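Here is the structure we will look at.
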Amino acid sequence: MTSRIQRLTPQLVNQIAAGEIIERPASIVKELIENGLDATCQHIDIDIDNGGIQRIRVRDNGHGIDKEDLVLALDRHATSKICDLSDLSQIKTLGFRGEALASISSVARLYLASSTDTSNQGWQVFADHGNKPELSPVFHLQGTTVDVHDLFYNTPARRKFLKKEQTEFSHIETLVKRLSLSHFSIGFTLQHNKRLMYQLDPAHTKIAQEKRITTLCGTAFTEKAIYIDMEALDLRLWGWISLPTFSRNQTDLQYFYVNSRMVKDRLINHAVKQAYHDVLYHDRHPAFILFLDIAPELVDVNAHPAKYEVRFRENRTVYDFVRQCLEKALTNTTPAPVVAELVPLFDRPQANTKEQTASIMEEYITDDSRQQVVLPLPVSPIGIPSPLSTATVAEKPIIHADCVSSIQPTIAITPNPPKQIDQHPTPPLGFALAQLHNIYILAQNAPGLILVDIHAAHERILYERLKQVSENSAVATQVLLIPISLHLSSKEAQILEEYHVLFGQCGFEMEKLGLDTTIVRQIPALLSPIDIQQFIHNVLSDLNKYEGTQRFSEKINELLSSIACRSALRAKRIMTLPEMNQLLRDMEITERSNQCNHGRPTWRQLTLSEIDRLFLRGR
């Protein structure tokens, strides 16, 4: 039997709304902090008892709430942040629905006090289970205080779903961390059970901001992060991203904000993943704190009750902008230039003529000309060896057949370097000294000692060169002896028709035979080893989901990476000093050369001070 339609009570309506907004104590903290931020405060204090189950108190020093509006603030859909429908198209505040206080007061005991000036005279109201709140005067500094007690005391079924105190507080702590990272100019204080957890001063400079990041995210992140700030059209992306050599096995250190609003967006996550796919080790995740500034009318923040999700008017534009900005930043992860004076590599007289150099070389001649010979490098008057100032006893340097790079060892002597130069730009990776177990290059630069993984470094160099050839040349194709028949859904067939020209440019030749059948007669040669049917289905899925695809370039790059890995110099390969120096120079001009194709580091720096500590020098 069906019941008659009836109007729900305001209390029940608020409790239903609370079910969407208030999942746990952290949800309340989020709403109250965002209200303080919207009130243009400079500091927010958060006091938590028993993980927020017993008490949540949030105090801000913003502009406050007028006496006449205090009671109204507890009504559902009462807000000062929007006035009409047109305001929804350009939301500039974090909150705007006017549901938070009404929902909180329906499932907890709520005390609200506020003052709008510096007279210390304020007003307060108390809301409990739908009882009509009454105004009363109170001593209160400018700003607003919201004190919430006994969460879910009147809805015991929901209270049973709360976790242990420490678990609930960890959610609050994570929430405060996310909000304090998005509002550097605001000070935050967090206490739990009267114990101070965080005291963050306002951070108005980049140095102060990075200090806050260190406090919240750890020293390891700030030491391995690079700062970016890029703009295009109406978009700006800025913040900190981790170097590929610093990664995580989970996504716990990823913070993304749109107009200072923390969001979880699959489109953005995919863009970030694409930017890192060429430099990150398998199953690892980058760390980042990124801010996207975009015109409010170009983003819809009213897509989720808790406002964690947003919708962009131009998905593809935002996606490409984020990905390209990060790719550009990661492209520049190469050894940084160093300008300093090197200590002479060997403590012996300078060789300024061919005769002097030859006499030094004679002391290091070995019987087997195929063996590596470590020679003292001729040193200039300022102690800087030339990359060409190296020699070996072999008349023709040996290059194994598996080396496909353009390394061309050079035998030359620099007799008299210019004496008028006081400082010389030292190459970032310095100059080679020797090989260690024929796996690593030992090189000296201004700060100290460089260790280079030969295979990893050469692999990256080859990979980048192969990509350049692939991008600048026509795609090689392969005609299929037996054409492949594709059975497509109506949506896939529609997308294929829309992007037919794109597939043709990539080397595909297809013919439509019916409403749901397409014949593939020709494919790009580099894709011949893979399952073409599954590949095309995946590409069409990407085109539908992301309004574009990177899967083709992904597969191409995966194959190029495999070719580079198989072609790179192998471990135990004996190299001459000119070859080693050429590899160092190639690394310095190769994009993304700080890590190999799989995300492993290609080189490490040991400073003289670090080496001194190993030997307890200066103690």
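No value in this document is a laboratory result; all are computed from the given coordinates. This is a predicted model, so every value here is computed, not measured. Quick reminder, even Gly has a Cβ in these numbers, built from the backbone with ideal geometry, and neighbours come from all protein chains shown.
Here is the size of the stretch 218-331 from its Cα atoms: Rg then Dmax, 13.7, 39 Å. Residue pairs exceeding 23 angstrom between C-alpha atoms, taken from K273/K467; K30/K160; K92/K194; K81/K160: K92/K194; K81/K160.
A viscosity of 1.567 mPa s and a temperature of 4 °C, combined with the Kirkwood radius over Cα pairs in Stokes-Einstein, give a translational diffusion coefficient for the stretch 10-200 of 77 µm²/s. Qualifying chymotrypsin sites (Phe, Trp or Tyr not before Pro) in the stretch 159-209, where qualification requires a DSSP coil assignment and no more than 10 other C-beta atoms within 10 Å, comprise F161.
Here is the size of the stretch 154-220 from its Cα atoms: Rg then Dmax, 15.0, 48 Å.
Sites listed here are trypsin sites (Lys or Arg not before Pro) in the stretch 170-242 whose DSSP assignment is loop and whose Cβ has at most 13 other Cβ atoms within 10 Å: K194. Around I104, with a cut-off of 12 angstrom between Cβ atoms, what is the net charge of the other residues, counting Lys and Arg +1 and Asp and Glu -1? Overall, the nearby charge balance is -2. By the compact-protein rule of thumb, 2.2 N^0.38 Å, the alpha-carbon radius of gyration of the stretch 564-603 corresponds to a ratio of 1.20.
If the segment from A78 to S185 were pulled out straight at 0.36 nm per residue, it would be longer than the present Cα-Cα gap by 35.7 nm. A straight line joining the Cα centroids of the stretch 580-619 and the stretch 22-42 runs 46 Å.
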